[in-house]
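Trainee: A single structure is presented below for examination.
The values are calculated or read from the model by the stated rules, or taken from the named source; none is laboratory data. On a predicted model such as this, the values are computed, not experimentally measured, just so you know. Ideal geometry is used to build each Cβ from the backbone, glycine not excepted, and the neighbour counts take in all protein chains shown.
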Ligand SMILES: Nc1ncnc2c1ncn2[C@@H]1O[C@H](COP(=O)(O)OP(=O)(O)O)[C@@H](O)[C@H]1O
Ligand SMILES: [Mg+2]
């Protein structure tokens with residue numbers, strides 16, 4: 001029996017889809033079978049990040065409304081052999097999902113028998129559809145950026161998850177900028193953890209490569225030379241229960257210094 | 001609530017006391033009470049309070065009677081108390097110091113074994129003890145004292161029914177604080193006072209002090 005993990009946030013645009021895709025890719029690269037399900041109906045983009053949009057014939061709504069079998073709607077990733085996608089519908093609006101919630105639960109249950117991990121890329125926590133997604137999840141990953149408003153909204157969502165009885169929740173701190181934290185212009189990890197008080201799964205630095213990879217339809221987690229790619233690799237291993245050290249602030253500073261020295265020399 | 005107002009509502013030993021310091025119009029007073037009940041709707045839901053009227057200026061009996069008639073329309077008010085109030089105390093007994101006995105027994109106490117997160121609210125007609133944090137965006141409304149065994153970064157309204165209540169936090173940084181109808185907005189100059197802080201009402205203002213070295217006697 002696999003695990004269903006919902007990836008959510010308080011605010012939109014903080015990196016849920018990026019995290020879902022790269023965590024899925026990371027776990028699959030480590031040998032797990034992973035199904036990524038896009039539950040952000042109407043705002044589908046998991047297929048684009050994976051470069052699979054041309055292969056989508058059926059989506060989750062077609063399955064729920066009985067137009068196809070679940071196996072017909074699952075698309076295999078081009079590069080990672082044990083990674084699969086169940087796309088969201090673009091046409092239906094989100095309210096439809098609420099009506100079909102029981103059917104959705106059955107689908108998730110079936111998928112958990114088939115895959116090691118079922119990852120739900122969910123809408124932001126105050127939106128409809130979040131409830132549907134989190135109803136059937138065993139664990140939750142809350143994504144936030146180190147901004148006061150995003151953290152406040154993340155806190156609210158954690159409260160909602162706790163009220164639903166989801167006790168296993170982890171934090172991914174995205175778009176972290178070490179230089180800005182150092183200059184005191186950004187909340188640091190400690191500040192964020194002090195408020196949210198949940199387990200930190202990982203910190204993903206701000207990295208322009210994320211956008212480059214997304215545009216190519218490739219997952220940055222497969223790249224060993226990007227900072228964000230390495231961060232997602234660590235996050236995947238931690239989710240599997242491995243103890244992976246957090247690279248310290250000092251190291252990152254060291255890296256920055258090296259780059260600066262390099263530029264000065266060159 | 002500013003200090004110069006002519007009348008105010010103060011929590012007093014489980015009752016609500018309307019202290020009228022200077023003569024004011026009936027409609028002003030009624031309007032003030034109305035806003036008070038409206039902004040504390042959840043707190044008063046399903047309960048009624050004893051309402052005391054305490055004039056600190058000369059008011060005719062007819063004025064008081066008219067006031068009572070109008071106030072009687074509020075469903076939150078159970079009964080009035082007027083004649084046998086101790087007029088020597090100015091509405092609230094000053095807590096001379098925190099070493100004074102603070103009587104928790106006057107009201108029931110609710111324990112909360114988790115942190116309050118953004119958007120969550122607690123309304124309780126007694127004392128509230130939180131074994132966790134009170135995060136930004138959350139709010140506590142308590143009839144009595146509020147003790148936070150964690151970080152206090154939300155909004156606290158304590159002593160709604162007893163202005164001699166206290167607010168204590170291990171890490172004290174509320175967005176907004178109110179005790180018994182008196183406001184204290186969080187200010188940056190209280191920033192250096194963070195650990196083990198107690199707040200209480202005295203001399204028409206909220207005092208915020210370090211807890212260090214204090215004795216805290218509960219009950220008898
Ligand atoms: N660590 C990062 N560094 C740079 N850009 C990022 C990072 N994380 C996300 N982004 C960009 O931010 C945008 C929103 O991310 P997305 O994952 O779609 O958020 P959500 O699913 O929460 O709406 C995308 O354009 C994405 O490429
Ligand atoms: Mg998204």
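Trainee: Restrict the check to the stretch B:159-168 and report whether at least one residue is in the same structural domain as residue B:210 (by TED's automatic domain parsing) and within 16 Å of residue A:197 (Cα to Cα).
Mentor: No: zero hits.
Trainee: Those residues that are within 15 Å of residue B:130 (Cβ to Cβ), in contact with a helix residue (DSSP H, G or I) (Cβ under 9 Å, 6 or more places away or on another chain) and in a loop (DSSP other than H, G, I, E, B), I need them from the stretch B:152-179; list them, please.
Mentor: Those that are within 15 Å of residue B:130 (Cβ to Cβ), in contact with a helix residue (DSSP H, G or I) (Cβ under 9 Å, 6 or more places away or on another chain) and in a loop (DSSP other than H, G, I, E, B): B:153, B:173.
Trainee: Just checking, does the stretch A:7-26 include any residue being closer than 16 Å to residue A:213 by Cβ and more than 13 Å from ligand 1 (Cβ to nearest atom)?
Mentor: Looking through the stretch A:7-26, at least one residue is closer than 16 Å to residue A:213 by Cβ and more than 13 Å from ligand 1 (Cβ to nearest atom).
Trainee: Tell me, which helices (runs of 4 or more DSSP H) wholly within the stretch A:145-241 include 3 or more residues that are free of Cβ contacts under 8 Å to residues at least 12 places away in the same chain and within 14 Å of chain B (Cβ to nearest Cβ)?
Mentor: On the way: elements: A:148-163, A:178-182, A:189-196, A:209-216, A:227-239.
Passing ranges, in order: A:148-163.
Trainee: Any chance the stretch A:34-53 includes a residue that's more than 15 Å from ligand 1 (Cβ to nearest atom), in contact with a helix residue (DSSP H, G or I) (Cβ under 6 Å, 6 or more places away or on another chain) and more than 14 Å from chain B (Cβ to nearest Cβ)?
Mentor: yes
Trainee: Also, quick follow-up: Looking at this structure, is residue A:132 more than 10 Å from chain B (Cβ to nearest Cβ), at pLDDT below 90 and more than 16 Å from ligand 1 (Cβ to nearest atom)?
Mentor: Spelling it out, residue A:132 is indeed more than 10 Å from chain B (Cβ to nearest Cβ), at pLDDT below 90 and more than 16 Å from ligand 1 (Cβ to nearest atom).
Trainee: Can you tell which of A:37, A:21, A:28 is more than 9 Å from ligand 2 (Cβ to nearest atom), under 10 Å from the mean Cα position of the chain (by Cα) and surrounded by 24 or more Cβ atoms within 10 Å (Cβ to Cβ)?
Mentor: Step by step, each of A:37, A:21, A:28 is checked, and only A:21 is more than 9 Å from ligand 2 (Cβ to nearest atom), under 10 Å from the mean Cα position of the chain (by Cα) and surrounded by 24 or more Cβ atoms within 10 Å (Cβ to Cβ).
Trainee: Go through the stretch A:71-89 and report how many residues are within 16 Å of ligand 2 (Cβ to nearest atom), closer than 20 Å to residue A:112 by Cβ and assigned to a loop (DSSP other than H, G, I, E, B).
Mentor: Final tally of qualifying residues: 2.
Trainee: Of all residues in the stretch A:195-213, how many are farther than 20 Å from residue A:17 by Cα and surrounded by fewer than 16 Cβ atoms within 10 Å (Cβ to Cβ)?
Mentor: First, the residues of the stretch A:195-213 that are farther than 20 Å from residue A:17 by Cα: A:195-199.
Okay, now just the ones that are also surrounded by fewer than 16 Cβ atoms within 10 Å (Cβ to Cβ), so A:199.
Qualifying residue count for the region: 1.
Trainee: Moving to a separate point now. Select from the stretch A:40-64 the residues that are within 9 Å of ligand 2 (Cβ to nearest atom) and closer than 16 Å to residue A:127 by Cβ and list them in ascending order.
Mentor: Residues satisfying the conditions are A:40, A:43, A:44, A:45.
Trainee: Looking at A:156, A:175, can you tell me which residue is under 19 Å from the mean Cα position of the chain (by Cα) and within 16 Å of ligand 2 (Cβ to nearest atom)?
Mentor: Within the list A:156, A:175, the selection yields A:175.
Trainee: Follow-up. If I ask for residues that are more than 12 Å from chain A (Cβ to nearest Cβ) and in contact with a helix residue (DSSP H, G or I) (Cβ under 9 Å, 6 or more places away or on another chain), which ones from the stretch B:103-145 would you list?
Mentor: Passing the criteria: B:123, B:124, B:125, B:126, B:127, B:141, B:142, B:143, B:144, B:145.
Trainee: Hey, could you check the stretch A:9-18 for residues that are surrounded by 23 or more Cβ atoms within 10 Å (Cβ to Cβ) and within 14 Å of another protein chain (Cβ to nearest Cβ) and say which is farthest from ligand 2 (Cβ to nearest atom)?
Mentor: The residue in question is A:10.
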